[in-house]
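The block underneath contains the structure these notes are about, expressed in structure tokens.
Throughout, read-outs are computed from the coordinates displayed, never taken from laboratory work. Just so we're clear, the structure is a prediction, and the values are computed from it rather than from any experiment. Backbone-built Cβ (ideal geometry, glycine too); neighbour counts: all protein chains shown.
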Amino acid sequence: MPRRVLLGFGIGVLAALIALGVSSSEVGRRVEGVTYDRRLAARPTPARDDVVVVEINESSVREIATVFGRWPWPRLVHAAVVDYLARSGARAIVYDVQFTEADTHGQYRIEDRVVSGRESDAEFVNAVRRAGNVVLLADAMFEGLEDESAQPACGKPQPLGAVYAPEAGFVDRPQICMPFPALRDAAAAVASDFSRRDSGGVSRSLFPFTRSQGVTVPSLGLAGVLLAEHIPAEAVKASGRQLTIGDATIPLGKDGEVLLKLHGFRPGGQPPFTVYSFSDVALSEERVIAGKVPPIPASEFAGKIVFVGTSATALVDLHVTAFGGNTPGVYLHATLADNVLSRAFMRRTR
């Protein structure tokens, strides 16, 4: 898009916001956000090929429902996916799905046997432990309930592996809910899903770290890189409005956020990352166990950071970005990993 068009667009937005009585600093921030969106959309860039996404998409929801019923599925389905990604040689498996509570009541019929929720959970726990490189989501988005007596007992977050504690680049949250204990203890790391939309409801940034009760937890995208690259705690430092991770220097916004360099994606069009259907990955594990050819070759995941997350509309983790509405949240986390690995960062002027 020509510069004069962008400038004219920005001036028009500026005039409209001033007319609405918005403060000058907020006006500048909003104008910058909108023109940032326009610049990204005008010149989309390709994503890395070593960061890929396994989507729990509409087709997965339909196909798995014929066997296990509606979402949420028994955790043994997730165990199959983790097992296949691990046997394929994925460098890190980052799971953007909540497992804060154990399944104590489920009963699932699988062909000629009945599997309890506890047994299903145990299969998932064992798969995560065997893999040894799974990052699990710690829920930092929950805002609490009006009835405090009904609040979930999240307790104090417990980071696993290396303990990263920079003095900047984090946001404070009242609580971060961990995966249920047995699953948490089997994981290589836990990571925050916290995000905050800019004015206008647009998602442009993520927080690299989230802190609660004195404990600092990395974000999903950053945790995947830290694990895959074997970054030691002492290599993660913060100074002023920048975060250093190894030899990467990441600019931070005034609240400690990282402005994402999003890649081209339009809902219904080609996604920025190589994407695989969750049901096809689960089927691949089943086929390998049966001695058959899997629909997705293991080589597709070898040496890659694999993000697993939802894109199905009914599962509600969708964002508005520079490329339109309905961008899956897992794409944002994958984008942060992509940006850190590529040393490609954006910086706000305000």
Between Arg130 and Asp172, the FRET efficiency computed from the C-beta separation at R0 = 45 Å comes out, to the nearest 0.05, as 0.80
In nm, give the distance between the simple-model label positions of Ser239 and Ala182, each being 7 Å from the Cα along the Cα-to-Cβ direction. 4.7 nm
Taking amide H positions as placed in the peptide plane 1.01 Å from N, state which residues far from His263 in sequence (5 or more) or on other chains have amide H under 5 Å from it. none
What nm value, rounded to one decimal, do you get for the distance between Thr104 and Arg70 when each label is placed 7 Å out toward the C-beta? 2.4 nm
May I ask you to list the trypsin sites (Lys or Arg not before Pro) in region 37-130 that are in a DSSP loop and have at most 13 other Cβ atoms within 10 Å of their Cβ? Arg70
Dipole magnitude of region 38-126 about its Cα centre (Cβ charges: Lys, Arg +1; Asp, Glu -1), debye to nearest 20: 520 debye
Sorted by Cβ density within 10 Å, fewest first, the residues His319, His230, His263: His230, His319, His263
Simple Cβ-charge dipole of region 51-342, Lys/Arg +1 and Asp/Glu -1, about Cα centre, in debye nearest 20: 520 debye
